[in-house]
Amino acid sequence: MVDLGGLLVPTGPGVRMELMTSRDGSPVAVTVIRGRRTAIQLQAFRVPSDTSWATIRERLTRSILGQGGSVEERVGRAGTELRAVVRIQGPPGKDSRNVRVLGRDGPGWILRGFVSGVGAEPHSTEEWPYTTFQGTVVRPPSAPSGTDILIRLRQPPRSGV
């Protein structure tokens with residue numbers, strides 16, 4: 001497990017991690033990449049007690065559809081997920097990408113995972129993004145910082161990210 005503060009993320013051979021930062025430069029998400037084929041971006045949020053993964057799925061579905069994409073809700077290896085085709089910048093024929101969006105509710109938080117690459121293709125059988133998602137531990141700070149809903153991360157104590 002790699003300790004990123006707000007998340008403990010499982011790792012293994014052939015896996016690398018890249019921290020994603022907010023505008024203020026603090027880490028807020030991690031992308032776990034295996035080879036050049038598949039990646040999963042993990043991000044955790046603080047949420048009020050009346051917000052659930054189902055609520056977030058509805059918002060994401062509206063957003064993707066509003067941007068010209070398509071969405072299908074399915075039960076996958078990590079529970080209910082969205083399988084979507086999202087619009088991206090690119091020439092005709094290369095202006096969309098398959099993604100899978102995974103989610104998990106916790107006490108006062110939600111963990112979201114975006115799977116991209118080969119692992120997001122309709123008939124993919126890649127297991128590691130799901131294993132990584134299901135093995136990730138969310139550790140929100142005991143004292144929330146104001147109105148910030150993002151569970152902030154940090155560089156791991158040792159190199160590796």
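Annotations for the structure displayed:
- For Pro27, the stated conditions do not hold, so it cannot be described as without any contact (Cβ under 8 Å) to a residue 24 or more places away in the chain and of a type outside the set (Phe, Trp, Tyr).
- Hits in region 40-71 - residues which are of a type in the set (Lys, Arg) and closer than 18 Å to Pro140 by Cα: Arg46
- Only one of the numbered conditions (1) surrounded by 15 or more Cβ atoms within 10 Å (Cβ to Cβ); (2) outside any strand (DSSP E or B); (3) touching an Asp or Glu at 6+ places or on another chain (Cβ under 8 Å) is violated by Thr11, and that is (3).
- Residue among Gly135, Gly66, Gly79, Gly119 that alone is of a type outside the set (A, V, I, L, M, F, W, C), without any contact (Cβ under 8 Å) to a residue 40 or more places away in the chain and open to solvent by less than 40 Å² (accessible area, probe 1.4 Å): Gly79
The values are calculated or read from the model by the stated rules, or taken from the named source; none is laboratory data. Since we're looking at a predicted model, the values are computed, not measured. Please note: Cβ atoms are built from the backbone with ideal geometry, for glycine as well, and neighbour counts cover all protein chains shown. Each accessible area value is taken on the protein alone, full model and side chains, heavy atoms only, with ligands, DNA and RNA left out. Shrake-Rupley method; radii C 1.70, N 1.55, O 1.52, S 1.80 Å.
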